[in-house]
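So that we are looking at the same thing, I have put the structure below in structure tokens.
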Amino acid sequence: MFGKNKSVKSTITCLIGAGTHIEGNVLFQGGLRVDGHIKGNIYSDAEHPSILVISEHARIDGEVHGSQIVVNGLINGAIYASGLLELQPKARVSGNVYYKGLEMHNGAIVRGQLENTDEEFRPALKLLASNQS
């Protein structure tokens, strides 16, 4: 009523349960929740909005790509969030993080660089000439 909600309206349609171990890349569409261990990269279909939830029990050894990503587990690799990235209190990330929007809770740890990829909000640097009179 007062504004448009820009969050992804996807629902979780797939679950990789605790005790499941996958070796290889995972490509998904819509919503994916991971409670298990993936040794490989995770990619969402770039043509459609997606939501990826990495639970506190999950471990990912590889890169993570998606539009909306919620992390509360362990990721050893870079994160590429084309929309909102939420790092919950038990999130542990060892790798660089590229995001458009970021919400980081107290307790989350990132061992890597954080880089905002939203060009619209990057300030332009202006250098003053050193020989002004």
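The values are calculated or read from the model by the stated rules, or taken from the named source; none is laboratory data. All figures in this text were calculated on a predicted structure; none of them were measured in a lab. With ideal geometry, Cβ positions are generated from the backbone for all residues, glycine too; neighbour counts draw on all protein chains shown.
Mind listing whichever residues of segment 17-38 are more than 22 Å from S82 (Cα to Cα) and surrounded by 14 or more Cβ atoms within 10 Å (Cβ to Cβ)?
Those that are more than 22 Å from S82 (Cα to Cα) and surrounded by 14 or more Cβ atoms within 10 Å (Cβ to Cβ): I22, D35, G36, H37.
I'm trying to understand the selection: among the residues of segment 39-64, which are in contact with a Phe, Trp or Tyr (Cβ under 9 Å, 6 or more places away or on another chain) and outside any loop (DSSP other than H, G, I, E, B)?
The first filter runs over segment 39-64 and keeps only residues in contact with a Phe, Trp or Tyr (Cβ under 9 Å, 6 or more places away or on another chain), leaving 42-45, 50, 52, 63-64.
The answer is I42, Y43, S44, L52, V64.
When you scan segment 1-11, how many residues do you find that are among the aliphatic types (A, V, I, L, M) and either modelled with pLDDT of 90 or more or within 18 Å of K100 (Cα to Cα) (or both)? Let's see the steps before the verdict.
Of the residues in segment 1-11, the ones among the aliphatic types (A, V, I, L, M) are 1, 8.
In the following step, the residues that additionally are either modelled with pLDDT of 90 or more or within 18 Å of K100 (Cα to Cα) (or both) were identified as 8.
Summing the residues that are among the aliphatic types (A, V, I, L, M) and either modelled with pLDDT of 90 or more or within 18 Å of K100 (Cα to Cα) (or both) in segment 1-11 gives 1.
Any residue in segment 96-121 that is closer than 18 Å to Q68 by Cβ and surrounded by 12 or more Cβ atoms within 10 Å (Cβ to Cβ) sitting within a Cβ distance under 9 Å of a residue that is of a type in the set (D, E) and modelled with pLDDT under 95? List the pairs, counting only those 6 or more apart or interchain.
Within 9 Å, the pairs are Y99/D118; K100/D118; G101/D118.
Among the residues of segment 83-90, are any modelled with pLDDT of 95 or more, under 20 Å from Q29 (Cα atoms) and of a type in the set (A, V, I, L, M)?
Yes.
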